[in-house]
Each structure stands twice: as structure tokens, then as C-alpha cells.
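Derivation of every value follows stated rules applied to the coordinates shown; laboratory data play no part. Since we're looking at a predicted model, the values are computed, not measured. As a convention, Cβ positions derive from the backbone with ideal geometry for all residues, glycine included, and neighbour counts pool all protein chains shown.
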Amino acid sequence: MDLSNIENIELSYLSIEDYDELKEIMMQVYSDEPGGYWSKPYIQKLINIFSEGQIVIKVNGKLAGCALSIIVDYKKLGDKHTYKQVVGDYFSAHNPKGDVLYGIEVFVSKEFRGLRLGRRMYDYRKDLCERLNLKSIIFGGRMPNYHLYADQYSPREYIRRVRLKEIDDPVLNFQISNNFQPLRVMRGYLRGDEKSNEYAVLMRWNNIYYEEPTDEATIAKKIIRLGLIQWQMRSYANLGDMMQQAEFFIDAVSGYRCDFALFPEFFNAPLMAQYNHLSEPNAIRELAKYTDEIVNNMSELAISYNINIITGSMPEMRDNLLYNVGYLCRRDGTREKYEKLHVTPDEARVWGMQGGDVVKTFDTDCGKIGILICYDVEFPELPRLLADDGMRILFVPFLTDTQNGYSRVRHCAQARAIENECYVAIAGCVGNLPKVHNMDIQYGQAMVFTPCDFAFPTSGVKAEATPNTEMILIADVDLDLLNELHQFGSVRNLRDRRKDLYSLTRI
């Protein structure tokens, strides 16, 4: 499917009103496989007994995929079971007090394959498993290409060769790539599955956050994974060449299940090299002509790789005026703009750049975030306004040419994390760009800052990259630690302000 035609991707609970579309897709997907489609009473039963376990994913409002699951007491089910024992008698194996999430179905319409929708549904299952405090996710995985090799290899040897990439099996490859581990081979798992010779692989994903049930009160954790891209300035032949490098990094951080990818300020500056014969103001205005296409490409990558992308910043023309802007490209297909509010003296003098005029937070599937570009983080009132709006993570794309310029951004960003009891992530460009005027050298170091209290690193630094080296930096941040800090911290910077003496308001 053409990604540019996607306006929205929505993951939601399965409704019986979806049945006609569901049946049509299953008949298409399983046209030559056993089982056919689920009857309407079975679907209604699943929704009645465990609505959270039944999800669909829709693209532009059209059903594109589905995942069905139940909860089982795995000790009673045991390793030597069949698919019929799991789903027979209207899912009699379902036990709301069980300890394992059992996947009974997952499929994606042929029309929407290639969008990594299956991974979104697997990620939902993992999140559900963690939220319900279940030990693991288990299911019997088919081996649809085994019939091609059955006269050469045993099922065990076939699995080994698939893991070594000597044999391609689309189902097993997908499951293994999503961190499911083969446990054992099950014979006679699904009767009539000739492609798998009726074998299946018992697959398992373990919930590392599982806690044995206790009478004590527990707090659910909300872990957000950040992927910061420390971008090396280099020459590119064209926009496609540059976007190929950007996709490489997005693929990398997405592979680690990051929720956000953060690009630096003016990461697209190398494209100005072909305009170096022009004056600096004219060259950057030529660069601004690429911005729309870059944003469209980034939005497509956000959808394809299931990650929220903060595009750093780029020049943009509006009403014949030049601004420094970036975009939040959400993984659901929506996007919003943010603007640099305080341009540096150099940006104003050399390029004639204007400051924006919108201060706001952004809603995401990971809570409220803020985005400030470089110089903006050196003005403490801006993050405070965002914190008052509920911001929990502040992203700062930057570009600095010297170490002292970087130090201003770095130390101000860390101060903002302490003052506003939030996480702050910064990412910048590194290296040299000799063929672009006014952008010839860069100094940077990506970092993630935290408040300074007992639940956080004593230095207030969660993670840091190697200075001036192209790399990615990945860090997990726990939003519940912030909630605890706001209520029970050693100091409470948000709550203890003397509002009887001073106030901060928007104009």
C-alpha cells in the first residue's frame, strides 16, 4: 500500500460490528489453509469473556488485521496440548485467573502487508501481558514451509536452520524477530495443517516484569523507551540518499522497541552544499523547499516502523518569512508542528530567521511531551509552562558548533529536568560540513537527564553518548517515578513554588 495515502492507523478492541469485514479477510488469508474463518458465535463469545484480548487494527477506517487471545492456567493446559483443546467448546480453556496469555489467532490482510501491523499487535499483547501481570505469552506457531523440507529435515532441524537463516519461514521468522523463543515441537497440533505436516512450535515470550501475586499494593509501571540519534554531518548526493540514512537510524531504534526517535536541529543541512555558491540567506531558503517532502517521508517512516518521530528541525518559509520548525510525526499517522521561539543572534543576522509564537505540549500514546529547539531550552520559563500543562518528557533537538555552545544547552537542559521534575532528552549533530557556509563545524553529545532524587541517578544523567561520534543512544524512563517524586520527593519543585509572591502566565 502507498504510505502517502495513509491518514490514520487505529488499534482498537474487536467489536461484533466488525464481523463481516473480519470474515472476509479470514477467507482471503486462509483460503488454502485449515479452519477457514471463525463463526460469529465464536467471535461473540471471545468478546464476552475477554474483550481486552481481542483487538483489530484499522487503516483509514478499514479493518486490516486482527489478534485474538485468551488467558489460561498453563499448569492445567500443559506443554502437550492441541489447538482444539485451547479453542474447543467455546474456549473452555479460558480462565480469568490464569497466568499465561495464549495467542489463538493473528493475521493481517494481504492488502496491508508491509506496514508492520503484525508487530503492532504483538506489541499490544506484550503490553497487555505486563499490565495484567501474566507470566508469559504462549502459542503454537505454524511452520508453513516445512512441507518443502519434510523429506530432508526433522522439525527440530528445520527450526534450527530457520534460526540460522538458512531456510525462510515467514511465520517462524516473524515470531523469532519479535523475541518469541521456541520451546518444543508439538505433533498433531492443528489437524489438517498439511503445510506444517500438522507440527507446530510452542513459542513463548516471558514478561520480565511479572511479580508473583501478593496481598500488598503494587504500582503498575509505565516505561517509555527513547531513541536519540547523534547525527554525523556528511555529504549526500540528494534527498533520497539522506533519507536512506535517516531510515537506517529509525530502523535501528525501532528494532529496540523505542517509543520515540529524536533527530537533531538542522540535520538536513548537508543538502545546502549544492547551493553553496549562493548567499547564506538564499541557500537556506533553497533548503526550505525540501521540508515538506522530508516531513512526509518521516510521517511514512513513523507509520511503517511504529515509532513516534521528532524530526529535529528544518527551515520553513511562511508568508515570505523564514522559521526554524520541526514536526512530531506520530505512529498513528497524525502530525503536529513545533517552532523555535528564540532564534539565536547568528540565525537572525546571517539568515534573517524569525522566532515562532506557539508554546504548547503534545499528546502522544506515551503521555504529554514538550519539544523545544536548542536555544529555547536556555529560557527556564518555557519548560515551566509546559510542565504546568502536564509535560513529563522534554525533547530538545540542538545544533552547536563549539564545546562552550554545547555546554550552554547541556547544562540548561539538565537544570530544566530538576526544576520541572521531568525527563529531558537532547540530541545534536556532530562532525564537519566543509562545503556549507555557516554550518562548517559541529560539537554534540546526546544525553538523557532526570531529576536528582533517590529514585534517579545521583548525577541526574540517565544516559549519555560518546561526544562527537555518530551513534544512537537508547534509554528507558519510568513515568511512575515522576508521579512518586511529585508527591513524595525530597524536594518538590513543582508544588513548592511561592505563587503568593510570583506567577508565570502566557500572553
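Taking the helices alone, the chain has a mean residue ellipticity at 222 nm of -8500 deg cm²/dmol, built from -39,500 (n - 2.57) per DSSP H run of at least 4 residues and averaged over all its residues. Other residues within the sphere of radius under 11 Å centred on the Cβ of Leu22, judged by their own Cβ, net out at -4 (K and R +1, D and E -1).
For the range 113-149, the residues whose backbone nitrogen is under 16 Å from a point 7 Å from the Cα of Asn197, taken along Cα to Cβ, are 142-149. For the chain, the dipole from Cβ point charges (+1 on Lys and Arg, -1 on Asp and Glu) about the Cα centre works out to 980 debye, to the nearest 20.
Between the alpha-carbon centers of the range 330-366 and the range 142-214, tell me the distance in whole angstrom. Here the answer is 47 Å between Cα centres. Ranking Pro434, Thr334, Ser51 by how far each Cα lies toward the positive end of the dipole of the chain (charges on Cβ) leaves Ser51 at the top. Computed from label points 7 Å out along Cα-Cβ, the spacing between Glu52 and His147 is 3.9 nm. Each label point was placed 7 Å from the Cα along the Cα-to-Cβ direction; for Asn432 and Arg408 their separation is 2.4 nm. Considering only Ile223, Ala150, Gln414, and ranking their Cα positions along the charge dipole of the chain that arises from unit charges at the beta-carbon of Lys, Arg, Asp and Glu, the one farthest toward the positive end is Ala150.
Comparing Cα centroids, the range 34-64 and the range 84-141 end up 12 angstrom apart.
Taking the Cα centre of the range 1-156 as reference, the dipole from Cβ charges on Lys and Arg (+1) and Asp and Glu (-1) amounts to some 580 debye.
For Leu271, what is the net charge nearby, where nearby means another residue's Cβ is under 12 Å from its Cβ and Lys, Arg count +1, Asp, Glu -1?
0
Would you work out which of Gly188, Ser15, Ser235 lies farthest towards the positive end of the dipole of the chain, given +1 charges on the beta-carbon of Lys and Arg and -1 on that of Asp and Glu, about the Cα centre? The Cα lying farthest towards the positive end belongs to Gly188. For the range 135-238, what does the alpha-carbon gyration tensor say about shape, rounded, prolate or oblate, given a ≥ b ≥ c as the root eigenvalues, a/c under 1.5 as rounded, and a/b over b/c as prolate? Judged from the Cα gyration tensor, the range 135-238 comes out oblate (a/c at least 1.5, b/c at or above a/b). For the listed peptides 47-55, 307-315, 233-241, a ranking on the average number of other beta carbons within 10 Å per residue, highest first, reads 307-315, 47-55, 233-241.
When +1 charges are put on Lys and Arg Cβ atoms and -1 charges on Asp and Glu Cβ atoms, the dipole computed for the range 223-488 relative to its Cα centre reaches about 320 debye. The convex hull drawn around the Cα atoms of the range 223-488, when projected onto a plane and averaged over every direction, covers 12.6 nm². The loop-placed GluC sites (Glu not before Pro) in the range 112-184, going by DSSP, that have at most 11 neighbouring Cβ atoms within 10 Å of their Cβ come out as Glu166. Classify the chain: rounded, prolate or oblate, from the alpha-carbon gyration tensor (a ≥ b ≥ c, eigenvalue square roots; a/c under 1.5 rounded; otherwise prolate if a/b is larger than b/c)? In terms of gyration-tensor shape, prolate. Between Glu105 and Asp401, the contour length at 0.36 nm per residue exceeds the alpha carbon distance by 101.2 nm.
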